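Novice: This structure is in structure tokens; I'll ask about it shortly.
The values are calculated or read from the model by the stated rules, or taken from the named source; none is laboratory data. All values derive from a computational prediction rather than experimental measurement. Methodologically, a virtual Cβ is constructed for each residue, glycine included, from the backbone with ideal geometry; neighbour enumeration extends over all protein chains shown.
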Amino acid sequence: MSGARIDKWMWAVRIFKTRTIAAEACKKGRVTINGSLVKASRVITPGDIIQIKKPPVIYSFKVLQAIEKRIGAKLVSEVMENVTAPDQYEILETSKVSGFINRARGTGRPTKKERRSLEGFTTLEDRDDFDFDFDFEK
């Protein structure tokens, strides 16, 4: 087999949990092959560079084999090569560290510890008066 559909391939190499989610990512414009946006039915070949936007990170993979059947996690390295830039992983780490600022919907109220940490970022004491038109002191 010379090629495989991009949605099947992303599902087979475990980038996405289901093929439907992989097809949705293509439909939303989050998947590019060699720099061009693709539909879920696009056929990939070995050597293609695939970029997948999973905010806040853009992952890059090089296709080594075009497969359509799901494989075990241990065999993924034989099928694709992760060529994601190191700075993308730094973005991911910084978003994990500052994750309590952008709370996910449905996680409930912050705990007392989280609230106190959050107040450290939102206090007005450290800001200069000339940055604002409104006087917060009154």
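Novice: Kindly list, by first and then second residue, each pair from a residue in the range 20-43 that is within 18 Å of residue 55 (Cα to Cα) and in the same structural domain as residue 9 (by TED's automatic domain parsing) to a residue that is among the small types (Gly, Ala, Ser) and assigned to a helix (DSSP H, G or I), limited to pairs with Cβ atoms under 9 Å and residues at least 6 apart or on different chains.
Specialist: Filtered contacts from the range 20-43: 31/22; 31/25.
Novice: Right, here's the next one. Going by the conditions given, is residue 30 charged (D, E, K, R) and over 13 Å from the mean Cα position of the chain (by Cα)? Don't jump to the end; show me each part of the working.
Specialist: Working: charged (D, E, K, R): yes; over 13 Å from the mean Cα position of the chain (by Cα): no.
So residue 30 fails the test.
Novice: Does the range 111-128 include one or more residues that are among the acidic types (Asp, Glu) and modelled with pLDDT of 85 or more?
Specialist: First, pick out the residues of the range 111-128 that are among the acidic types (Asp, Glu): 114, 119, 125-126, 128.
Next cut, modelled with pLDDT of 85 or more only: none.
No; the residues of the range 111-128 include none that is among the acidic types (Asp, Glu) and modelled with pLDDT of 85 or more.
Novice: So which residues in the range 21-42 are β-branched (Val, Ile, Thr) and in contact with a Phe, Trp or Tyr (Cβ under 9 Å, 6 or more places away or on another chain)? First the steps, then the outcome.
Specialist: Let us first name the residues in the range 21-42 that are β-branched (Val, Ile, Thr), namely 21, 31-33, 38.
Of everything in the range 21-42, just one residue is β-branched (Val, Ile, Thr) and in contact with a Phe, Trp or Tyr (Cβ under 9 Å, 6 or more places away or on another chain), namely 21.
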